[in-house]
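Report on the following structure.
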Amino acid sequence: MSTTTPTVRPLTTRDADALVEAAVRAADRLGVTGSVTVLDAGGHLLGFRRDDVAVLISGETSTRKAHTALLLDSPTADLVELVRPDGLFHTLPTALDRPLLFLAGGVPLHRDGRLVGAIGYGGGAPEQDHRIAVAARDEAELI
């Protein structure tokens, strides 16, 4: 008996462009300036934008949030408590040689139930960054 894995269309540059634009609109609605990063399932950069007046570090934080959400297949907002001194993942940030960032604003992206990438937003307060990333994901209808 042969079993096959269903093919899921990977995240494309067109998807990434739509996600970036959706994040910019969501950030504008909240009055937040920052950066948005979109990664594919392999962690490769598909889309990036930094607002002209955003703090420079927002580019790094958006990328690290997306990377963290991708590697752990979880919104970074859900992981913050796990890296506190008494948390299950307390040593994870230092145990891995990866650009992880356990602050809200990173969200995994799924298509047909399969992980296809992640989006990260940095520049606002953590809860704002999370709202922006979720709004972009939901508008792009990737779930």
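In the condition set (1) under 21 Å from D17 (Cα atoms); (2) modelled with pLDDT of 95 or more, D112 is compliant with all but (2). Taking the numbered list (1) outside any helix (DSSP H, G or I); (2) modelled with pLDDT under 95; (3) over 14 Å from the mean Cα position of the chain (by Cα) in turn, L103 passes all entries but (3).
Residue under question is R49, and the condition is that it be closer than 13 Å to L101 by Cα and either of a type in the set (S, T, Y) or not in a loop (DSSP other than H, G, I, E, B) (or both); does it hold? So R49 does not fit the description; no. For the range 106-139, the tally of residues that are among the β-branched types (V, I, T), in a helix (DSSP H, G or I) and surrounded by 24 or more Cβ atoms within 10 Å (Cβ to Cβ) stands at 1.
The values are calculated or read from the model by the stated rules, or taken from the named source; none is laboratory data. The structure presented is a predicted model; accordingly, all values stated were derived computationally and were not measured. Every residue, glycine as well, gets a Cβ built from its backbone with ideal geometry; the counts of neighbours run over all protein chains shown.
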